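To start, the structure itself, in structure tokens.
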Amino acid sequence: MTKRSPSVPAKKIDAAELMRWIDEIEQRALEAVADVQDPDRLATQTAIYLGRGGELNGALEHLTDLTKAERAEVGRRANQVKTNLEAEYGLTGGHPFHGELALDQLFLARPLLECARYRTPIRGLFLCGAGTHPGNGLTGASGRNAAREIRRALRR
């Protein structure tokens, strides 16, 4: 569910109001991450502001209320905010868990089915880290599991 700013009504809004809303989202997101040291808390803040159900996407649901020219202007500003927040969060071009922790990207399908069990289609190339099962890389389990698969491959 999208978290909405109390200053933005659920009714049709104009471009100026939507731009103010996007600016408020950026300000709140920057304040929220200012003192974050914990990777899990950072992931939570990322989801709140930049996730699929996040505040920025919630604001963009109102693009249909605007003219084509206004949509382009607001879209540019939203992209700028997203870029600014990703840079501030240290997440440019990526995701803290190297993929959503969703059912379609867990267990053997992590990071994708073709690379299940730490192997890739390229012979001798194995994967480990946050992008592989069990994810997030905090326990080292992905590296341990990958090492076990490499050892098995070397025995063959």
Which residue is modelled with the highest pLDDT, if the candidates are limited to the stretch 115-135 and must be out of contact with any Leu (no Cβ under 8 Å at 6 or more places or on another chain) and under 30 Å from residue 44 (Cβ atoms)? 127
Could you grab me the full set of residues in the stretch 38-85 that are assigned to a helix (DSSP H, G or I), more than 18 Å from residue 27 (Cβ to Cβ) and acidic (Asp, Glu)? 40, 61, 65, 70, 73
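The values are calculated or read from the model by the stated rules, or taken from the named source; none is laboratory data. All of these numbers come straight from a predicted model, not from anything done at the bench. Cβ coordinates were reconstructed from backbone atoms using ideal geometry, including for glycine residues, and neighbour counts include every protein chain displayed.
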